[in-house]
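Please read the structure below before turning to the comments.
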């Protein structure tokens, strides 16, 4: 299951500069308040140039998300190509670490979608047309686990869909709380799953999910 999003195409310094500028602007003011005019200005180009690469702000937002996914997507591809390189538990830990980092980067930008019904409807329509969405990583992790079952490394009656939901759900929950709270005080929160270093959290969640599969 590929974790690709639109906006890839041929490498282009101008396109990359626009995506980087969009990331900065959306991270600073949120998706709802970010405008293509402001993004173009931050990228040092005209709006006309921006629209040569992206049909809408919604597609540009997907490109920003895509820029945060390569490590996660590359990891899934690596697991599919060389499943013996890691134990299943280690693979789950690596996936948890990368997913948490992605969620922590994307939640602040995307949160404003839910305050603007019109913008949310437009974003949903773009996702529908391009046949992508936030469910793609979930499907990809479940597919990896299904392959591990077929290889005999997990119980035959294990539930890969539930396990993928538990793994990514825990990652999203940690990212949401750390984003909502003052980042300077996140490590003082009482919940170990939130305050623990990223590697420790990923290993702990992976171990719990793995035990449910063997």
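All of the numbers you see were taken from the coordinates with simple rules; none came from a lab. Being a predicted model, the structure only gives us computed values, none of them experimental. For neighbour counting, all protein chains shown are included, and Cβ atoms are generated from backbone atoms with ideal geometry for every residue, glycine included.
Compute the long axis of helix 88-110 from its Cα atoms, compare it with the longest principal axis of the Cα atoms of the chain, and write down the angle in degrees, 0 to 90, nearest 10.
The angle comes out near 30 degrees.
Roughly what angle does helix 160-180 make with the longest principal axis of the chain, taking Cα atoms, 0 to 90 degrees, to the nearest 10?
50
Output the relative contact order of the chain, whole-number percent, from Cα pairs under 8 angstrom with separation of 6+ residues.
26 percent.
Kindly identify the range 69-211 as rounded, prolate or oblate by the Cα gyration tensor criterion: order the square roots of the eigenvalues as a ≥ b ≥ c, call it rounded if a/c is under 1.5, otherwise compare a/b with b/c, prolate if a/b is larger, else oblate.
Because a/c hits 1.5 or more and a/b fails to exceed b/c, the range 69-211 counts as oblate.
Taking the number of other C-beta atoms within 10 Å as the exposure measure, put 56, 106 in order starting with the fewest.
Sorted ascending by nearby Cβ count, the order is 56, 106.
Restricting to DSSP H runs of at least four residues, report the calculated mean residue ellipticity at 222 nm for the chain, -39500 (n - 2.57) per run over all residues, nearest 500 deg cm²/dmol.
-21500 deg cm²/dmol
In degrees between 0 and 90, to the nearest 10, how far off the longest principal axis of the chain does helix 57-67 point, with axes built from Cα atoms?
The angle comes out at about 40 degrees.
Does the range 62-108 come out rounded, prolate or oblate, given a ≥ b ≥ c as the square roots of the eigenvalues of its C-alpha gyration tensor, rounded meaning a/c under 1.5 and, failing that, prolate meaning a/b above b/c?
oblate
Any idea what the relative contact order of the range 69-175 is, in percent, if you count C-alpha pairs under 8 Å spaced at least 6 apart?
The normalised contact order for the range 69-175 reaches 38 percent.
According to the square roots a ≥ b ≥ c of the eigenvalues of the Cα gyration tensor, what is the shape class of the range 94-137, taking rounded for a/c under 1.5, prolate for a/b larger than b/c otherwise, and oblate for the remainder?
Oblate is the answer for the range 94-137, as a/c is 1.5 or above yet b/c matches or exceeds a/b.
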